[in-house]
Amino acid sequence: MATAFSFAQTTLFSKTSPSLRAACLRSFTFCLPFSSSSAALSSDKLHIKKWRQPVASVLELGGVKIAKDDVLRDDPTNNVPDTIFAKLGLQLHRRDQHPLGILKNAIYEYFDTNYSNQFDKFDNLSPIVSVKENFDDVLVPADHVSRSYNDTYYTDSQTVLRCHTSAHQAEILRRGHTHFLVTGDVYRRDSIDSTHYPVFHQMEGVRVFSPQDWEASGTDGTSYAAGDLKKCLEGLARHLFGSVEMRWVDTYFPFTNPSFELEIFFQEKWLEVLGCGVTEQEILRRSGKTDNVAWAFGLGLERLAMVLFDIPDIRLFWSSDERFTSQFSSGQLGVKFKPFSKYPPCYKDVSFWINESFTENNLCEVVREVAGDLAEEVQLIDNFTNKKGMTSHCYRIAYRSMERSLTDDEINKLQWNVRELVQSKLNVVLR
């Protein structure tokens with residue numbers, strides 16, 4: 001399921017062949033290898049394995065090659081930057097010694113043990129999906145903010161990078177699956193801070209019931225499914241966090257009714273673990289399951305892994321620094337991360353008069369385009385409106401590398417490029 005409008009939170013290309021469209025419903029991998037970036041600074045080169053950017057300009061989706069131009073299109077509706085394309089195919093959730101892979105496998109273990117391997121698992125589905133699959137099939141309203149170009153990455157007007165793993169739910173149901181888990185990388189334009197990143201990972205679970213499942217219980221299908229859902233997820237929470245106090249909170253999602261959030265009392269505070277609910281009958285009806293009821297849940301892997309492994313910054317999940325990667329081993333859930341970076345942040349401010357089309361997400365996209373993961377946080381620190389009705393914003397950008405100290409020249413160049421691009425791309429007036 002999804003998280004902005006989602007629980008945690010079959011591809012159609014408008015100018016491609018039917019065979020390509022069919023293939024995009026299946027799995028994907030990079031068809032070309034990675035190459036190393038420039039060498040590390042001498043003071044750290046014995047300890048740091050630099051981040052590797054993919055040099056591949058072609059992806060392979062279900063056996064069909066997709067050119068970079070199919071994702072980064074010369075299309076007025078396309079808003080996917082190079083930095084996001086570079087993340088396609090990395091699939092952190094499929095690496096058994098990565099915190100996200102360790103967490104995914106721990107959840108798999110719970111379902112395999114308690115449900116006798118009934119749940120089918122999907123973790124290699126293409127993240128490029130149609131607008132229909134991403135929004136319409138899970139009943140996201142036509143006017144929902146998540147559909148906007150400010151929130152979602154569009155490759156063209158009818159195709160997006162999935163915002164949530166729920167984008168695959170309808171197709172999997174139509175294929176006849178009744179118990180399944182879907183894990184994958186999801187994409188959202190978002191703010192810059194220690195807990196937000198434009199690419200993150202979700203897991204969704206779905207279980208479908210037939211009338212004979214609930215008729216003997218003396219309850220209706222919805223009540224039966226809700227009770228089974230809560231029992232299942234309380235067990236999952238204990239499996240991951242141990243014996244903890246839990247509470248259920250009623251909430252709203254477009255695709256479930258009733259809908260709930262599960263919270264646990266962990267490390268002296270209440271933590272939201274996941275969202276869930278009884279699947280809307282319309283979704284089941286469209287999938288040919290008119291007599292059934294179902295439950296579904298969704299969770300964000302990074303959100304839980306940051307707590308379980310004590311990882312303080314979401315950027316670390318993307319690090320290939322051996323001081324990070326060597327701390328984790330397959331099957332070792334909850335090993336506490338030992339910080340290795342003591343490098344100080346550097347703060348730079350940028351002020352400008354905004355226009356009616358300005359959004360903070362657009363500003364963050366510009367900062368990421370220039371600074372990448374060296375941008376630690378972008379924060380609004382001042383704003384005012386003058387007598388002429390013009391509004392000024394001042395943002396403070398924190399630059400920090402997780403691996404080395406940044407030089408003054410590097411930071412000044414980054415800030416200069418941010419100012420130039422903010423002015424040219426966002427059509428604001430610098431102050």
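See the values below:
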read-out: Residue match in the stretch 356-377 (condition: assigned to a loop (DSSP other than H, G, I, E, B), open to solvent by 50 Å² or more (accessible area, probe 1.4 Å) and not assigned by the TED database to the domain that holds R147); value: yes
read-out: Any hit, the stretch 316-328, residues being at pLDDT 95 or above and of a type in the set (G, A, S); value: yes
read-out: Whichever residue in the stretch 175-199 is open to solvent by 30 Å² or more (accessible area, probe 1.4 Å) and not in a loop (DSSP other than H, G, I, E, B) and, among such residues, is farthest from D291 (Cα to Cα); value: D193
read-out: Matching residues in the stretch 307-343 - criterion: being out of contact with any Asp or Glu (no Cβ under 7 Å at 6 or more places or on another chain) and outside any loop (DSSP other than H, G, I, E, B); value: V307, L308, L316, E322, R323, F324, T325
read-out: Qualifying residue in the stretch 138-145 (condition: of a type in the set (D, E), open to solvent by 30 Å² or more (accessible area, probe 1.4 Å), farther than 18 Å from G277 by Cα and in a loop (DSSP other than H, G, I, E, B)); value: yes
read-out: Counted residues, the stretch 229-262 - those being open to solvent by less than 30 Å² (accessible area, probe 1.4 Å) and in a helix (DSSP H, G or I); value: 8
read-out: Matching residues, the stretch 261-278, being under 14 Å from T251 (Cα atoms) and touching a helix residue (DSSP H, G or I) at 6+ places or on another chain (Cβ under 9 Å); value: L262, E272, V273, L274, C276, G277, V278
read-out: Test set (1) over 30 Å from A225 (Cβ atoms); (2) open to solvent by 40 Å² or more (accessible area, probe 1.4 Å); (3) of a type in the set (D, E) - D321 fails condition number; value: (2)
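Every residue, every condition in (1) charged (D, E, K, R); (2) within 30 Å of S210 (Cβ to Cβ), yes or no:
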| site | (1), (2) |
| --- | --- |
| Q281 | no, yes |
| R285 | yes, yes |
| V293 | no, yes |
| P312 | no, no |
| F324 | no, no |
| F328 | no, no |
| G331 | no, no |
| V335 | no, no |
| K342 | yes, no |
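The values are calculated or read from the model by the stated rules, or taken from the named source; none is laboratory data. Fair warning: this is a prediction, and the values are worked out from it, not measured in the lab. Note that we place each Cβ from the backbone using ideal geometry, even for glycine, and neighbour counts take in every protein chain shown. The area values use the complete protein model at the heavy-atom level, side chains included, leaving out ligands, DNA and RNA. Shrake-Rupley method; radii C 1.70, N 1.55, O 1.52, S 1.80 Å.
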